[in-house]
1. So what does the Cα-only Debye profile of segment 6-201 read at q = 0.08, 0.15 Å⁻¹, as log10 I(q)/I(0), no solvent term?
2. With a ≥ b ≥ c the root eigenvalues of the C-alpha gyration tensor of segment 109-258, is it rounded (a/c under 1.5), prolate (a/b larger than b/c) or oblate?
3. Rounded, prolate or oblate: which one fits segment 2-70, using the alpha carbon gyration tensor with axes a ≥ b ≥ c (rounded when a/c is under 1.5, else prolate when a/b beats b/c, else oblate)?
4. How high is the relative contact order of segment 205-250, given as a whole-number percent (alpha carbon pairs under 8 Å, six or more residues apart)?
5. Over the chain, with a Gaussian network built from C-alpha contacts below 10 Å, which listed residue (Arg213, Arg81, Arg149) shows the highest mean-square fluctuation?
6. Relative contact order (percent) for segment 3-147, with alpha-carbon contacts under 8 angstrom and 6 or more residues of separation?
7. Using only the alpha carbons of segment 1-121, determine the length spanned along each of the three principal axes and report them from longest to shortest in whole angstroms.
8. Taking the Cα-to-Cβ direction at Val215 and at Thr165 and moving 7 Å from each Cα, how far apart do the two end points lie in nm?
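Values in this text are rule-based calculations from the coordinates and carry no lab data. Note that the structure is a prediction, hence the values are computed from the model and not measured. Glycine also receives a Cβ, built like all others from the backbone with ideal geometry; neighbour counts cover every protein chain displayed.
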Amino acid sequence: MSFTNIKVQTKDSLAQVTINRPKKLNALNKETIKELNIAFEELEEDEKIRAIILTGSGEKAFVAGADISEFADFSVEEGTRLSKIGHDTLFDYVENLSTPVIAAINGFALGGGLELAMSCHFRIASDNARMGLPEVSLGVIPGYGGTQRLPQLVGKGKAMEMIMTAGMITAADAKECGLVNHVTTQDELLPFAENIANKIMKNSKLAISAAIRAVNASYEDGVNGFSIEIEEFGECFGTEDFIEGTTAFINKRKPKFK
Ligand code: COA
């Protein structure tokens with residue numbers, strides 16, 4: 001499938017999705033959100049793909065937010081719908097993919113851009129990156145999961161301050177508060193992300209997807225994460241990967257997962 005606003009490249013089992021509207025600092029318009037949904041759906045269905053890196057094109061931005069020009073004249077109903085469709089088709093969708101998604105934040109990650117990075121399973125940033133949720137400066141609140149995922153990652157007090165001030169934090173600050181796991185130079189960002197993806201791809205794809213479900217369960221309303229862990233742990237015993245992993249260990253060889 002060919003896209004207008006994103007690029008999808010695959011190399012063996014690794015995919016890279018690049019949001020490609022650099023003149024608009026990769027702002028998420030409706031079409032881009034739709035294309036991202038299609039791309040992630042296709043990659044999730046592709047059994048060969050074992051990890052995905054998500055980044056932005058150009059040197060300036062990962063994503064500078066939802067496209068403000070598209071919603072400036074929206075009504076209450078349209079605003080609610082915008083948020084709901086975003087949650088369902090992209091932000092919650094990415095968080096719940098069984099294929100690991102790493103955000104490689106290469107510049108501004110603001111508003112919907114930071115919310116997209118926070119939907120990924122973890123984040124790496126280049127040292128020029130700036131992150132924030134500036135929505136209240138526009139008279140609105142984060143509507144793509146930011147009010148929920150930012151406190152999960154950085155704690156309630158820090159999240160409240162970031163949301164209320166609408167300010168940006170540096171990559172170093174983001175690492176200190178747990179919003180990103182690593183900070184690299186701009187040149188090193190993608191090789192660094194690939195290096196981590198390679199480590200992930202050596203492990204059992206089935207077990208990784210079970211781990212994602214169990215970790216995410218802890219944040220789901222009315223769901224007991226410990227019970228989900230028990231179920232997912234048990235299910236692993238019925239997989240070929242479990243037989244291969246344990247047999248390889250006992251025979252002192254490296255596992256070869258299918
Ligand atoms: N939506 C729509 N267009 C956006 C955008 C967004 N979120 N962010 C940037 N752009 C566009 C600008 O309008 C500009 O387009 P133009 O050249 O046609 O005028 C282009 O991207 C470049 O942005 P510009 O503001 O000129 O770059 P800058 O380096 O001076 O500033 C930012 C960079 C990120 C500080 C600034 O673009 C900004 O504040 N963007 C909005 C961030 C935001 O509030 N996001 C949350 C949205 S809910």
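1. Here log10 of I(q) over I(0) equals -0.23, -0.84.
2. Working: a/c = 3.40, a/b = 1.67, b/c = 2.04.
Verdict is oblate for segment 109-258.
3. prolate
4. Working: 28 pairs, mean separation 15.9, N = 46.
Once normalised by length, the contact order is 35 percent.
5. In the Gaussian network model the winner is Arg81.
6. Dividing the mean separation by the residue count of segment 3-147 yields 23 percent.
7. Sorted from largest, the Cα extents of segment 1-121 read 45, 29, 25 Å.
8. 2.8 nm
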